[in-house]
1. Using a/c under 1.5 as the rounded threshold, could you call segment 1-95 rounded, prolate or oblate? The axes a ≥ b ≥ c are square roots of the C-alpha gyration tensor eigenvalues, and prolate needs a/b larger than b/c, oblate otherwise.
2. Once the Cα gyration tensor of segment 127-166 is found, what semi-axes does its equivalent ellipsoid get, as square roots of 5 times the eigenvalues, in whole Å, sorted largest first?
3. Test of understanding: what is the full-extension gain from A111 to V141, defined as 0.36 nm times their sequence separation minus their Cα-Cα distance?
4. What is the spin-label model distance, in nm, from L99 to H31 if the labels are put 7 Å beyond Cα along the C-beta direction?
5. Sorted by average packing, counted as other Cβ atoms within 10 angstrom per residue and highest first, what order do 22-32, 3-13 take?
6. State the extension gain, in nm to one decimal, for the chain segment bounded by L61 and V24, taking 0.36 nm per residue of separation less the distance between their alpha-carbons.
7. Rounded if a/c is under 1.5, else prolate if a/b is larger than b/c, else oblate: which is the chain, with a ≥ b ≥ c the root eigenvalues of its Cα gyration tensor?
8. Is any helix in the chain, taking whole DSSP H runs, at least 20 angstrom long along its axis by alpha carbon and on average at least 0.5 on the Kyte-Doolittle scale, and which ones?
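Rule-based calculations on the coordinates, nothing more; no lab input. Quick caveat: nothing in here was measured; it's all calculated off a predicted structure. Note that each Cβ is placed from the backbone with ideal geometry, even for glycine, and that neighbours are counted across all protein chains shown.
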Amino acid sequence: MMMGPFVFFLIVAGLSITFSLLVVFQRNVVHSAVYLVATLFLMAVLFFTLDAPMVGILQILIYAGAIVVLFLFVIMLLNPGPLEPRRVLWWALGSAGALLLIFALLPPISAPRAPGVEPAVPGGSFGSPEMLGQSLFSDFVLPFEIASVLLLVAIVGAVVLAKREV
């Protein structure tokens, strides 16, 4: 039995859960964004351990890099004050709702598979850069182009807003 990878998974998963809870419960939004970066890097580590290096690299580049930089830019632009103290009633209702959701999802998750049903195993080239490029430029060319135009409009809008202030 290989205990090393399992122990490594438990450590990374535990750290990931800890940092994600710190994201939610931190009162300072900049600290919360830093904990979000740590959580996203730990998710990338999990992708690397699952032999999905491309997904891990995309996780670091897109989420831990670009998205968090965008979050920090908006945080610095808005300059919010510290968050107000939480109200006990809303806190209790949210916690009770989360516990109910967890207990509602436990039976379907822990239910045994139907006899004779094997989990689907993707092909050898699934998730490879070649397969992703082929899919993007053949099956999903219209959504890909719409996303690129939306990004271009966002960049032009940011430049126009920045020019007004200078």
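1. Cα axes put segment 1-95 in the oblate bin.
2. The three semi-axes for segment 127-166 are 32, 10, 4 Å.
3. Result for the pair: 6.9 nm of gain on full extension.
4. Placing both labels 7 Å beyond Cα along the Cβ direction yields 2.7 nm.
5. For the peptides 22-32, 3-13, the packing ranking is 22-32, 3-13.
6. 11.1 nm
7. Here the chain falls in the oblate category.
8. Long hydrophobic helices here: 3-25, 29-49, 88-110, 141-165.
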